[in-house]
Amino acid sequence: MDREERIKNACMKIVECINAMSFLNLDDQRVHSLVMMREIARGVVENKDRKVTKSDVTRALHSSIEKMASSCRDIVYKLSKMSYKGLDDQRIQSLLRVKEIAAKHAKVASVESDTWIKESLAGEEMQPSSVDVLVGGAEIMVVEESLVEETELRNEDGHNVVQKRPVTRAKLTGKKDVQIGEVPRKMPEDEPPEVEAQLINENGKNQLQEILSQPPLLQSLIWPPDDCITLDWIWSLISAIKQFSQNHPPSEFQLVMPISVVDKLVDNASSILSKESNCVKIDCHGVDSRVVVVGDIHGQFHDLLHLLENAGFPSENQFYVFNGNYVDRGAWGLEVFLLLLAWKVLMPHRVYLLRGNHESKECTLSYGFEKEVKTKFGDQGEYVYNKFLDCFKELPLASVIAGSVYTTHGGLFRSTRIAYSRRSRRKRTQRLELGSLEELSAVKRSLIDAPYEGPNMILTDVLWSDPSQRQGMCKNRARGRGLWWGPDCTEAFLKMSKLKLIIRSHEGPDVRAGQHLFGDMLCGYSLDHEGELGKLYTLFSAPDYPQFGRKIFANEGAYAVLQSPNFESPSFHSFKAVEKPKADPFVDVDDYDKIASSKREDQIATSDEEDEIDIGERDLTSIHSQSSTAAISSLQKSSPVVMASGVNFEALGISNPPSWSVLLPNDLGGTQLVQVPQAPEVEGLPLPPNLEEPHKSAYEYLFKLVAGLKHMLQTREIESKGQKRKRDD
């Protein structure tokens, strides 16, 4: 290829790139410069040996506007001629809305000769008096809207459709008015810059920018006639939602997602979900099978898309399990849930949606989803909201993956069997036993709100419970419902269910703030229990949480990947929040579910004996066997000792103090949380006696943490050298 041809090819690429660009949000100077560059490159490609003038740029801009306006007029003309027979009201309204937007974009056009005018008028069968705008030569005329009149159009099927259209007059931007039908003089090619056409409207705004800055036309989704959605339909759904969230107010959501489509999608998904058991069994033993587990999303649609793009979309070999809390606290809970329902309908045996505590009437009334639905669907909002509540009741409560991994939203649960323990000769107190998967399968999950008492308390426990570092099980006083369970209960449940791993969600950085016995969730996950039989992780997938609040944590979201054949050895992948469009909250900004984290463990330790319902090592032994107690004992010995600070860091202006959990890479390409052990010796202690609180306690805490980190690194280095020597030997 010779030099001239290479230059032409490069210029052709410039022309193609600029033609493909969007001029949205560019100022006049940048638009002018890009068009000038394109025309210069075009001249090279077409072997035009002449200088590109400002008039050339002006003509090119006029030509682009003419093409846009012509296309919009074609849309208006065809929609005016089409038949509305057989269409429901929703589709007719959508078409009329498209027609209205197209007419708005067709307000400016340029004409180079009276031939164009005559052809346009003849082609559209319009009289000069009804022309929206006429522009002569290089002089641009401005639209003056004088009134809006109703015009009755007759469609091909004989139906009359009343259409509102503006009646406009055109005038020159110069001093002299031009009558419609006149053709102003043409400007010579090398017209001086001062007569360069400017597209100025009545408000003094550049009309080119006004047109280019208009939101793109919304495309209303249509439910497939055969009731079978495809992958292409889901891509259209994603594209439509992304476009809508960028440029349109929530009240116009029906233009993208008509109620008829919501009805079909929710009905189809509910029908599939209702056939699934409370605890779904996921068989994924294929050689290349992998399962992605996702935690709380809370209406953060754009972060969900980012997660799917990073982890890979659902496929034949890629399963997804979502642990609930799709809605509330974010601006796009409706979009999140609709997208996940679409994936469920398309791939019912590859995508599994579990229920979270926010998939309830109680939470959605308080934390925004109800208001979101009613804002986006207006008068039909109450109907759509109740439709979603009915769907929430069909969501399963837990999953077992490949016979070895248990996932759920909250956690473990009590048994339905009633037992009593005698604490004294005169007093008997009710005691709970740890529930089994068989009992979970028998729960009535069709309640829209988790009960505070009664035979279906397992539903409450599964959705609301949290892990604790204290042995046994007791009431979760921080949340007011559900349970706290300790490492011994985790071990007992794994043994009883023949499982090796638990992944639950429900707790984000807001709940974990100030706790030093657990990970702070700033990386999106935390290792909470580790014993001989397996591990318990908490997983949270909403970065920069909450989207609206007085305090937003700069946390990462995370997802877990389980791969065949070692499903019990997950790799965790953290990700940062993506840029989101501006949005208003659907609930008053507040510290949601505010929990006094620093008092959490104290509440457990000081529970009133009469009210506390616990399950200890002795009870576990009687339920399961003596080997369970041995496992618990081993857990207590093998678990690293961690520090509870007791320091008032908030008084020092520190909201997220250093944690005794550190994030380290694992052998599977992900990361894992490791607890820092206490060091046998701490340099720098004791501190000078003249230090005051809380500074003294803070210094002691940090010195001990640094010593623990140093000790851990030294130990790891010694172990690494020892393993290397063994390999060398």
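The values are calculated or read from the model by the stated rules, or taken from the named source; none is laboratory data. Predicted model, so just to flag it, every value in this text is computed and none were measured. Glycine also receives a Cβ, built like all others from the backbone with ideal geometry; neighbour counts cover every protein chain displayed.
What pairs come up if the first residue lies in the stretch 463-481 and is closer than 13 Å to His529 by Cβ and outside the structural domain of Glu453 (by TED's automatic domain parsing), the second is modelled with pLDDT under 95 and crowded, with 20+ Cβ neighbours inside 10 Å, and their beta carbons are under 8 Å apart, counting only those six or more places apart or on different chains?
Taking only residues 6 or more apart or on different chains, not a single pair turns up.
Looking at the stretch 460-499, which of its residues are on the phi > 0 side of the Ramachandran plot and either among the aromatic types (Phe, Trp, Tyr) or more than 33 Å from the chain's Cα centre (by Cα) (or both)?
Of all residues in the stretch 460-499, those on the phi > 0 side of the Ramachandran plot come to 472, 480, 482, 498.
Hits for the stretch 460-499 are Gly472, Lys498.
Can Leu389 be described as surrounded by fewer than 24 Cβ atoms within 10 Å (Cβ to Cβ) and modelled with pLDDT of 95 or more? Break it down stepwise before answering.
Working: surrounded by fewer than 24 Cβ atoms within 10 Å (Cβ to Cβ): yes; modelled with pLDDT of 95 or more: yes.
So Leu389 passes the test.
Within the stretch 35-42, is even one residue in a helix (DSSP H, G or I), surrounded by 17 or more Cβ atoms within 10 Å (Cβ to Cβ), in contact with a Leu (Cβ under 9 Å, 6 or more places away or on another chain) and in contact (Cβ under 8 Å) with a residue 24 or more places away in the chain?
yes
Determine if the stretch 321-342 includes at least one residue that is more than 16 Å from Gly295 (Cβ to Cβ) and without any contact (Cβ under 8 Å) to a residue 60 or more places away in the chain. Let's see the steps before the verdict.
Pass one, the stretch 321-342, residues more than 16 Å from Gly295 (Cβ to Cβ): 331-332, 334-335, 338-339, 341-342.
Remaining after also requiring without any contact (Cβ under 8 Å) to a residue 60 or more places away in the chain: none.
The answer is no, given that none of the residues of the stretch 321-342 is more than 16 Å from Gly295 (Cβ to Cβ) and without any contact (Cβ under 8 Å) to a residue 60 or more places away in the chain.
Touching an Asp or Glu at 6+ places or on another chain (Cβ under 8 Å) and over 21 Å from Val345 (Cβ atoms) - does that describe any residue in the stretch 286-299? Let's see the steps before the verdict.
So the first thing to find is which residues in the stretch 286-299 are touching an Asp or Glu at 6+ places or on another chain (Cβ under 8 Å), and the list is 297-299.
Within this subset, residues satisfying the condition of being over 21 Å from Val345 (Cβ atoms) are 298.
Yes, the stretch 286-299 has at least one match.
For Arg350, all conditions in the list (1) surrounded by fewer than 24 Cβ atoms within 10 Å (Cβ to Cβ); (2) over 17 Å from Val291 (Cα atoms); (3) not aliphatic (A, V, I, L, M) hold save one; what is the number of the exception?
Arg350 satisfies every listed condition except (2).
Kindly list the number of the only condition in (1) in contact (Cβ under 8 Å) with a residue 60 or more places away in the chain; (2) farther than 30 Å from Trp223 by Cβ; (3) assigned to a loop (DSSP other than H, G, I, E, B) that fails for Ser83.
(2)
Out of the residues in the stretch 428-441 that are at pLDDT 90 or above and loosely packed, with under 14 Cβ neighbours inside 10 Å, state the one that is farthest from the chain's Cα centre (by Cα). Talk me through it step by step, then tell me what you get.
Residues of the stretch 428-441 that are at pLDDT 90 or above, as a first pass: 434-441.
Within this subset, residues satisfying the condition of being loosely packed, with under 14 Cβ neighbours inside 10 Å are 438, 441.
Values: Glu438: 34, Ser441: 30 Å.
Out of the qualifying residues, it is Glu438.
Within the stretch 562-578, take every residue that is in contact with a Lys or Arg (Cβ under 7 Å, 6 or more places away or on another chain) and part of a strand (DSSP E or B) and give me the one that is surrounded by the most Cβ atoms within 10 Å (Cβ to Cβ).
Leu562
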